[in-house]
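Only one structure is covered here, and it is reproduced in the block below.
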Amino acid sequence: MSQEDANLEARLEEQETFEPPESFVEQANVTDPDIYEEFDENWPDCWERAADLLSWDQEYDTVLDDGDAPFYEWFNGGELNASYNCLDRHIEDGAGDNVAIEWEGELGETRTYTYSELLDEVESFAATLRDLGVEEDDIVTLYMPMVPELPIAMLACARIGAPHSVVFAGFSADALATRMNSSESEYLVTCDGYYRRGDPLDHISKTNEGLADVEHEVSDVIVVDRLGDDLEHDLADNQRDYDELVAEHEDASVEPVTRDAEDMLFMMYTSGTTGEPKGVKHTTGGYLSYAAWTSHAVLDLEPDDTYWCSADIGWITGHSYIVYGPLALGTTSVMYEGTPDYPDKDRMWEIIEKNEVDVFYTAPTAIRAFMKWGEEYPAQHDLSSLRLLGTVGEPINPRAWKWYYDHIGNQECPIVDTWWQTETGGMMITTLPAICEMKPGTAGPPLPGISAQVVDAEGEEVEPGEAGYVTVDKPWPGMLRTLYNNDERFINEYWEEYSDADADEWVYFPEDGAKLDEDDYITILGRVDDVINVSGHRLGTMEIESAVVGVEGIAEAAVVGGDHEVKGEAVYVYAIPEDGYEDQGDELEGKAEEAILDSIGPIAKPEDVIFTPELPKTRSGKIMRRLLENIASGNELGDTSTLRNPEIVDEIAEQVEAD
Ligand code: WTA
């Protein structure tokens, strides 16, 4: 960092604040600061405001049922269908010709779906799924890249009451198999491939490899043909071409199935402390209300807006803020297939200019990359359509915040730095853009109705200026209901730490560290469990470790996150070679990398693999991960005297420097 940058960072850290621009406030959805108090006083009935954004087939009887906490239930007695809420009702209101999805392919082609057209596609695919035998409550796995057929398939599943389980297309064959095995999903929708930097990328071979490891029978696999002649591939007996099937159901009409508010809308696997991914369960009424409410209140979306969230639908951000939230509100949602620097580094700004995007939501890692590429790229484009900017997925450093504010928002757009998780379903801690002043690097106060605090190890709230842990001591409609087929793990992972079960007092623990300031703004410091955040992607270090120790010649491994200028965090592997393999470092490194690619995917590619005869351990034999993190990040190492083997630390540090 140059001296000038360091000075700027320091100044911004001193909490320079920014007021919401007047032009934004004048038109915003939520402008009354009393909303915080109103929600507090009227809790939990305040959440009717979220439910009111939806159309219910049957009104709910109760807002919150906490009789079996922490298995909370929301809007019990209510009935609705998510695809009806995202499609039909807008058409009934006369908005059928408004654009629902504006898809930008990487090669420059586009596909536009109005709400009416999208409904037609969804009905055809829903009829297809039904014909193949998919019934209500069957889990359908979607292993698809950013093609329009992905949201179509999600909404088709929702229409017939079949929960979807989307597996990020960048995940490996193993990851697909693990997830299909865990959910016992018998149906798969996949794709032959997609384009990356102009080149066709084979996805079907990876799919087939994964399917070979699925332990139960998969009755049907539907394959979207994205690559045409660019990829030759054969279909197995149980594999059918998406377009052919849909053509057979072209004029099908499929009534939306009425679902109970608490019926599962989808599940989504996410990384946790152990190697086994967690199947987070989200519901139809609570999740959809919450996605719609936060899209309305925080992203300020209106039906007239063109809005772009650059996440991948394979992650929760894409579920809530490309598909369900924006479509529930009748907004135009832009979807981009490819990479931000193809064909050139101005691709994002070109898409914003061309579509006159009003609201843009992206990740800090992307912003840091844009910053590195230079302000000349956004400067080539007219970005004046923008009204609001957002970030998600990881802490944003003040300097990147300021760059986003200046060069993308032209100092005229508020920025919402939104903290939330797969488990929370939607945003939890962030500013309301027309009400709150912004502090770069600080997510903001908890949203109205969200009771989040920063506590110490004993659960006592910390004083302003002090660091602690985020907790949430009241439920909210978008929360996960449980982990699929694993209520016990649900309790252990999220509720054990700070709850008092005997007193029936339940506190949700998201496993993030945070700092509180005198205005009750919360600055998120990052995960405190064995999960790392690489480019906004959540990865379990244990999953990576188990891949590495599977390599012949590697005896033991520890995986940690180290600071990275663009990615936020990067993967560092420390490994002990088995006897006799000490001289084969380069070869082992290659094998370790390969094992990680095979078991997780390229997002987990290590920045460095460091071989060492020992790992630093405490006297009780626990690996000192903090120390390894500090070595990877080039930080001060602090006191190592409590280690069983302090001498190893310098040796490792020297090696990292030499690499
Ligand atoms: C981190 C993504 C700081 C956090 C929506 C959380 C953030 C994890 C922010 C969840 C933010 C998300 N500032 N950190 N604005 N947003 N995180 O489940 O550590 O993929 O626990 O959900 O990302 O990641 P997940």
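Quick look at the numbers
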{"quantity": "Subset of the stretch 396-408 (residues that are surrounded by fewer than 21 Cβ atoms within 10 Å (Cβ to Cβ) and over 11 Å from PRO440 (Cα atoms))", "calculated": "ASP406, HIS407"}
{"quantity": "Residue list for the stretch 203-255, restricted to those being among the hydroxyl-bearing types (Ser, Thr, Tyr) and surrounded by fewer than 17 Cβ atoms within 10 Å (Cβ to Cβ)", "calculated": "SER205, SER219, SER253"}
{"quantity": "Residue under evaluation TYR572, criteria (1) in contact (Cβ under 8 Å) with a residue 40 or more places away in the chain; (2) part of a strand (DSSP E or B); (3) within 16 Å of the ligand (Cβ to nearest atom), criterion not met", "calculated": "(3)"}
{"quantity": "Sole residue being at pLDDT 95 or above and either within 30 Å of PRO340 (Cβ to Cβ) or assigned to a strand (DSSP E or B) (or both), chosen from LEU150, LEU129", "calculated": "LEU150"}
{"quantity": "Of all residues making up the stretch 322-353, the number that are part of a helix (DSSP H, G or I) and touching a residue at least 60 places away in the same chain (Cβ under 8 Å)", "calculated": "7"}
{"quantity": "Helices (runs of 4 or more DSSP H) contained entirely in the stretch 8-76, each with at least 1 residues that are modelled with pLDDT of 95 or more and under 14 Å from SER289 (Cα atoms)", "calculated": "48-51"}
{"quantity": "Matching entry among LEU539, LEU516 (being over 23 Å from VAL560 (Cβ atoms) and either within 16 Å of the ligand (Cβ to nearest atom) or within 17 Å of the chain's Cα centre (by Cα) (or both))", "calculated": "LEU516"}
{"quantity": "Meets criteria (surrounded by fewer than 23 Cβ atoms within 10 Å (Cβ to Cβ), under 24 Å from the mean Cα position of the chain (by Cα), at pLDDT 95 or above and acidic (Asp, Glu)) for GLU184", "calculated": "yes"}
{"quantity": "Cross-chain or 6+ apart pairs with Cβ under 7 Å, the stretch 552-567 first and in the same structural domain as PRO613 (by TED's automatic domain parsing), then of a type outside the set (Asp, Glu) and assigned to a loop (DSSP other than H, G, I, E, B)", "calculated": "GLY553/TYR581; GLY553/GLN584; GLU556/LEU615; ALA558/LEU615; LYS567/SER535"}
{"quantity": "Some residue of the stretch 224-245 being under 29 Å from TYR287 (Cα atoms), in contact with a Phe, Trp or Tyr (Cβ under 7 Å, 6 or more places away or on another chain) and touching a residue at least 12 places away in the same chain (Cβ under 8 Å)", "calculated": "yes"}
{"quantity": "Set VAL528, VAL571, VAL534: member being at pLDDT 95 or above and touching a strand residue (DSSP E or B) at 6+ places or on another chain (Cβ under 7 Å)", "calculated": "VAL571"}
{"quantity": "Members of the stretch 354-391 found to be under 18 Å from HIS564 (Cβ atoms) and either within 16 Å of the ligand (Cβ to nearest atom) or surrounded by fewer than 23 Cβ atoms within 10 Å (Cβ to Cβ) (or both), listed by number", "calculated": "THR362, ALA363, PRO364, THR365, ALA366, ILE367, ARG368, ALA369, MET371, LYS372, TRP373, THR391"}
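The values are calculated or read from the model by the stated rules, or taken from the named source; none is laboratory data. Just so you know, these numbers come straight off a predicted model, no measurement behind them. A quick note on method: Cβ atoms are made from the backbone with ideal geometry, for glycine too, and the neighbour counts reach across all protein chains shown.
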